[in-house]
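The values are calculated or read from the model by the stated rules, or taken from the named source; none is laboratory data. Keep in mind that this is a model prediction, so the values were computed, not measured. Heads up, the Cβs are rebuilt from the backbone with ideal geometry, glycines too, and the neighbour counts pull from every protein chain shown. Heads up: the accessible areas ignore ligands, DNA and RNA and are worked out on the full protein's heavy atoms, side chains in. Shrake-Rupley method; radii C 1.70, N 1.55, O 1.52, S 1.80 Å.
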Amino acid sequence: MASEIAVGDLVQAGGHAGPWKVLEIRQGRALLEHHDGHRLSVRTTTLSVVRKASLTEGSEHVADEHESPTLFD
């Protein structure tokens, strides 16, 4: 996997027309939703990221991992 998959990302699932939006990731599987409402559960190893989610799309508080240092650091 070239990049880590996160909730909110748009991904391509091997063998399935896409792209799909990642709704949930649990135990090596991802719950995906197609734009027409169909859902699919697949192994995360079969996915490739088409577009990473932005913070405004409801991705889980990614800012904690990449916060800028403050004046007091």
Looking at segment 25-41, can you tell me whether even one residue there is at pLDDT below 90 and touching a His at 6+ places or on another chain (Cβ under 8 Å)? no
Count of segment 1-39 residues which are charged (D, E, K, R) and more than 9 Å from the chain's Cα centre (by Cα): 5
Residues (modelled with pLDDT of 90 or more and open to solvent by less than 70 Å² (accessible area, probe 1.4 Å)) located in segment 47-73: 47, 48, 49
Could you tell me which residue of segment 13-24 is modelled with the lowest pLDDT, considering only residues that are open to solvent by 50 Å² or more (accessible area, probe 1.4 Å) and under 14 Å from residue 53 (Cα atoms)? 19
Can you report the number of residues in segment 25-35 which are more than 18 Å from residue 51 (Cβ to Cβ) and open to solvent by 70 Å² or more (accessible area, probe 1.4 Å)? 3
